[in-house]
Amino acid sequence: MIPSCPRYRTLLVDDEVSVRTDLRTKLLAHPEVTVVGEAATVRTARALLAKAEYDLVFLDVQIIGGEGFDLVPDVRPEARVIFATAHDRYALRAFEINALDYLLKPVAPERLARSIDRLGVPRPNESAETDAAPHGALRPDDTVYLRAGPRARFAPLADINLIAACDNYSEVILADGAKLLLRKTLKSWEDSLPPTHFMRVHRTQIVNLARVVRYERDPEEHTLLFLDGLPAPVPASRDRWPDLRVRLSAFRPTP
């Protein structure tokens, strides 16, 4: 039986009428989302956030009277927030909430659809037994927010080389050599990363298979993975080789 479709009462906070109109129009393709209010300034948005009943907020980064970040404390705790910005540089600012997503304007319909999917809304003709990605699962072309203490940045998943376990933390190593220590376990990463591109090749390491340029196998069946931009190879456990070989074949790295 198809589960009943939840309704998400949604607020649009953006100081450009054309942007709100465009977003409202594109949201018509998602009947589970209902726009119940709009605001164009920090003052009117704060009043709307205080009195309206809502579950989701599309929040512009720069609006009349301040910034969308200024409104974060006014968003009800149970509501989800999707940030929108016309400039990548604003996405680099740290914020204290677990934002559902952020979008670059003008918002592409397919990118908007992926944000709505993260709400965990069942689609028409999609049963509870669907093999679609679970709620919160990332896609290979997604961008993730990485916050390590006072440092924070957005990074495409494609730029992640390696994620290594450090007790209850994990170290993320990016293609540009940057290293960030996050309070996030390897298991949590494993549950959210796309398995087509990321694999836990060792008890303490997850690699981006798309960045493996070659690998070496020795007579004792040890495997070393060489990743683009990573100076040292990553060892893979012998018991993971059968699965690793299949997954690597999709990217055709050279032995």
Problem set entry | Per-residue Cβ neighbour rank within 10 angstrom, fewest leading, H222, H197, H202 | H222, H202, H197
Exercise. What residues have an amide H closer than 5 Å to that of M199, excluding those fewer than 5 places away on the same chain, when H is modeled at 1.01 Å from N in the peptide plane?
Worked result: V207, L209
Problem set entry | Cα-projected label distance for V213 with Y169, points at 7 Å along beta-carbon direction, nm | 2.9
Problem set entry | All lysines inside 27 Å of K105 as judged from Cα atoms, apart from same-chain residues fewer than 8 positions distant | K26
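How high is the FRET efficiency from R240 to A29, r the C-beta distance, R0 35 Å, rounded to 0.05?
For R0 = 35 Å, the calculated efficiency reads 0.30.
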Seminar exercise, completed: Going from the fewest other Cβ atoms within 10 Å to the most, one would list V201, V36 as V36, V201
Exercise. P(r) tail for region 3-48, what percent of Cα pairs lie past 12 Å?
Worked result: 62
Problem set entry | region 152-255: radius of gyration and largest Cα-Cα distance (Dmax), Å | 13.0, 43
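Read-outs throughout are calculated quantities, based only on the coordinates presented, and are distinct from any laboratory measurement. All values reported here derive from a predicted model rather than from experimental measurement. Note that each Cβ is placed from the backbone with ideal geometry, even for glycine, and that neighbours are counted across all protein chains shown.
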